[in-house]
Amino acid sequence: MCLAIPAIVIELDEPNLAVIEIGGVRKQVSLMLVDDVAVGDYVLVHAGFAIDKVDEGEAQKTMDLLQELARLEQEAGFDEIH
Amino acid sequence: MRYIDEFRVPAAARELLREIDALDARGTFMEVCGTHTMAISRAGLRPLLAPGIDLISGPGCPVCVTADADIDRAIAVSKKPGVILTTFGDMMKVPGTEDSLASASARGARVRVVYSPLESLAIAAEEPGSQVVFLGVGFETTAPAVAGTMLEARRQGIDNFQVLSFHKLVPPALRALVGLDDFDVDGFILPGHVSVIIGSDAYAFLPVEFSMPCVVTGFEVTDILQAILRLLKMGASGASLEVEYARAVRPEGNPRALEVMSQVFEPCDAQWRGLFTIPGSGLAIREEFAAMDAGTWEVELPEPTRSKGCRCGEILCGRIKPMDCPFFGGRCTPDNPVGPCMVSSEGTCASYYLYSESEGPDERGEGADIGR
Amino acid sequence: MQDLLRDMIFPALGGQTLDAAEDAAILEMPSGTLAFTTDSFVVKPLFFSGGDIGKLAVCGTVNDLAMVGARPLYLTLGLILEEGLPLDDLERVLASVASAARDASVKVVAGDTKVVEKGKADGVYINTAGVGVIPDGTNVSITRVAPGDALLINGYIGDHGMAVLKDRGDFAFEVALDSDCAPLAGLVSDMLAAGRVHALRDPTRGGLAAALKEMSSCSGVSLEVDEPAVPLREEVRAICEVLGLDPLYVANEGKLLAAVAPGDAAAVLGAMKAHPLGRDAAVIGSAGAGKAGRVSLTGAMGSSRLLRMPSGEQLPRIC
């Protein structure tokens, strides 16, 4: 029920439309459900609509956490060897 | 791909599994989103978790929960002369009482698969001589998109576009599940994209009224593992609501999307396939948009048949396992499914069937615990 | 009809046997074991990035023969044309057939044309038969995969299916992507010269998944595939993410899956990479001694899932 993909907004069109891009693929989506979208923003795309913007600050926090976890896993690997 | 690949970190996933193991805790957790079910199956996650940690699939995707009678109505509408029925691909093979949209289409009904309801509206604009009906299924992730399309239809003056609304709401379903006498689940993995729309505050009642731990979760393996870790920790620290998917979910949700949704829809009672009627758990099209409501059309429906013996409802509530159902593997197989658990290719019974088929009855190799 | 043959079809496909205009092609029988195949082609749209129904028909037939180690020789071409099909379109299709036949070193030696009423045949349906000869000592069979064999693929998967989907226009997306439609007999010949190739399968309908399942079932071995090792373009990955499709089930028209004796895997891979149609070849897994039909995919995390046989067309989903 929930396939939504983050994509970058590369163009704004009237009325309330945008072109998003992901992995070289471009698609037009509706911005009816989101306010204040600018070119360069990342939005979540579901069924042809942007359903919200990605919170890039929060995304970065989670990405940092994952990198930290990956680092811990590396260390655990070394601990086992030694 | 940005904001996807950075969350696919195998080393982080392995570390999370290690931390989960280190807790040495047990728990049964339910996800209520078909996309989570898919993600868990695809990642082969269940066999990797320590024994004692069970992941069970709740009533969570349109394939699983759309009632027989609703499929029958969609099929009947598609057979009406001059009608083009448009639908998400997910619904094509779901069996109704007698057949499915796919088989009706093979026999001449005009059925087209779309990725977006906006494509359906475009078809209506291109085919003014036809009535184009969109089959609206899905939770709060999708309902605003359908509502937005209906507003757009009105704005463009397209009068040959209608919608069949079988949309459902997640919080009332959770409330109904949690209220069941023998609901024996230790926490919920809550749907991330439904929550983008409705906000995490919508689930506050779970820890507060029912002491039920829950985590609003994203769809990557690392997201799901983080959720499981947090849920296990709540076993000791006490039930609460946490948001793992903070990059997409806010406490208040998306007010614009909610506003669009409520312009067009209002809550109603709804029948969930294999379960029962849950009050206030569906979305009906408001009176002002009655002209776009194909649900009011006169259609001939087949006599509903009760599949006596189908125990999907109990599987969806986590009470029993697929092999406890008398139909499993005999009357009910992926090619000839009876209930929702087998209809969805990633449903509990379908997943279990795949693994038991590949291992054989005497071998219990990896993956045999799927569907517990 | 006579005009069509004379003015369009013969000139486009001209080769000695076709021009003879006998009721049947008269051919020298090559010595050796004959391989014989038939196929039909219905594709929408007729013309897509990287090819068209004509090229598809030739390559598809030639590749069937190549999959049993045969050198393709002769093709028949049966055309069912919808009344009102623009002559320009027919000319384009015929030109593609001719060009693809030249590239594949085969001759179209016999054919038939029928016209059906408007509304039928989606423009053009093509049926072919193909005949080739299997060189002595060649023994390539879908039943010959042995435990320990290496599984190789010659390049990116999913290009054809997604290019056609894009050009069909149903889901309104834009991307630079061509079908991989290509004749593989030359590549196969190089591979056979480089090492012991036990089995070949072209992953057309049902994608790589179908080819893997068939190999596993027909040979009675299990297969283990390293999913991250399967070559996949960013663009195909992106389309599949958006539409909810699994690239393993998407059709290919210029790819082959090979099962190779483990000692020869490096040499065969080298031969593939040296060929224009194998530059992105990769080893993607191996055969094991498990149950027939059991194909497991190991993901980036080391966890694995079992592969299902595709049932029907894959549809975009929102769930």
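Residues are listed down the side, and each one gets a yes or a no for (1) basic (Lys, Arg); (2) touching a His at 6+ places or on another chain (Cβ under 6 Å); (3) assigned to a helix (DSSP H, G or I):
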{"position": "C:Glu28", "(1), (2), (3)": "no, no, no"}
{"position": "C:Ala35", "(1), (2), (3)": "no, no, no"}
{"position": "C:Ser40", "(1), (2), (3)": "no, no, no"}
{"position": "C:Lys55", "(1), (2), (3)": "yes, no, yes"}
{"position": "C:Leu79", "(1), (2), (3)": "no, no, no"}
{"position": "C:Ala98", "(1), (2), (3)": "no, no, yes"}
{"position": "C:Val109", "(1), (2), (3)": "no, no, no"}
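Output the number of residues of region B:148-183 satisfying the condition of being assigned to a helix (DSSP H, G or I), more than 9 Å from chain A (Cβ to nearest Cβ) and over 13 Å from B:Pro59 (Cα atoms).
Selection size over region B:148-183: 4.
Give the residue that is nearest to the other protein chains (Cβ to nearest Cβ), with candidates limited to residues of region A:17-36 that are at positive phi and surrounded by 17 or more Cβ atoms within 10 Å (Cβ to Cβ).
Taking region A:17-36 first, the residues at positive phi are A:23-24, A:36.
If we keep only those that are surrounded by 17 or more Cβ atoms within 10 Å (Cβ to Cβ) as well, we get A:23-24.
Details: A:Gly23: 3, A:Gly24: 4 Å.
The selected residue is A:Gly23.
If you check C:Ala261, C:Ala238, which single one turns out to be more than 17 Å from the chain's Cα centre (by Cα) and farther than 30 Å from B:Pro117 by Cβ?
Step by step, each of C:Ala261, C:Ala238 is checked, and only C:Ala261 is more than 17 Å from the chain's Cα centre (by Cα) and farther than 30 Å from B:Pro117 by Cβ.
Do any strands (runs of 3 or more DSSP E) lying entirely in region A:1-61 carry at least 3 residues that are of a type outside the set (Gly, Ala, Ser) and within 16 Å of B:Met261 (Cβ to Cβ), and which ones are they?
Those strands (runs of 3 or more DSSP E) span A:49-53.
When C:Ala289 is evaluated against the numbered criteria (1) surrounded by fewer than 16 Cβ atoms within 10 Å (Cβ to Cβ); (2) within 14 Å of chain B (Cβ to nearest Cβ); (3) within 18 Å of C:Pro203 (Cβ to Cβ), which criterion, by number, is the only one it fails?
(3)
Look at region B:106-120 and say how many of its residues are modelled with pLDDT of 95 or more, over 24 Å from the mean Cα position of the chain (by Cα) and part of a helix (DSSP H, G or I).
Adding up the residues that qualify gives 0.
So, restricting to helices (runs of 4 or more DSSP H) that lie completely within region B:196-294, which ones have at least 2 residues that are of a type in the set (D, E, K, R) and within 26 Å of A:Ile5 (Cβ to Cβ)?
Helices (runs of 4 or more DSSP H) meeting the threshold: B:221-237, B:255-264.
Test C:Asp167 against the criterion of being surrounded by fewer than 24 Cβ atoms within 10 Å (Cβ to Cβ), modelled with pLDDT of 95 or more and assigned to a helix (DSSP H, G or I), and give yes or no.
The answer is yes for C:Asp167.
If we only count helices (runs of 4 or more DSSP H) wholly inside region B:1-104, which ones have 1 or more residues that are within 11 Å of chain C (Cβ to nearest Cβ)?
It comes to B:10-23, B:34-42, B:62-65.
Which ones in region C:266-286 are out of contact with any Asp or Glu (no Cβ under 6 Å at 6 or more places or on another chain), surrounded by fewer than 20 Cβ atoms within 10 Å (Cβ to Cβ) and not in a strand (DSSP E or B)?
C:Ala266, C:Ala267, C:Gly270, C:Lys273, C:Ala274, C:Pro276, C:Arg279, C:Asp280, listed by residue number.
With the condition kept exactly as written, say whether any residue in region A:60-73 is under 30 Å from B:Ala12 (Cα atoms), surrounded by fewer than 14 Cβ atoms within 10 Å (Cβ to Cβ) and acidic (Asp, Glu).
Looking for residues that are under 30 Å from B:Ala12 (Cα atoms), surrounded by fewer than 14 Cβ atoms within 10 Å (Cβ to Cβ) and acidic (Asp, Glu), one finds at least one in region A:60-73, hence yes.
Looking at the structure I just gave you, is A:Val39 more than 7 Å from chain B (Cβ to nearest Cβ), touching a residue at least 12 places away in the same chain (Cβ under 8 Å), surrounded by 23 or more Cβ atoms within 10 Å (Cβ to Cβ) and over 29 Å from B:Glu15 (Cα atoms)?
no
The values are calculated or read from the model by the stated rules, or taken from the named source; none is laboratory data. None of these values were measured; they are calculated from a predicted model. All Cβ positions, glycine included, derive from the backbone under ideal geometry; neighbour counts span all protein chains shown.
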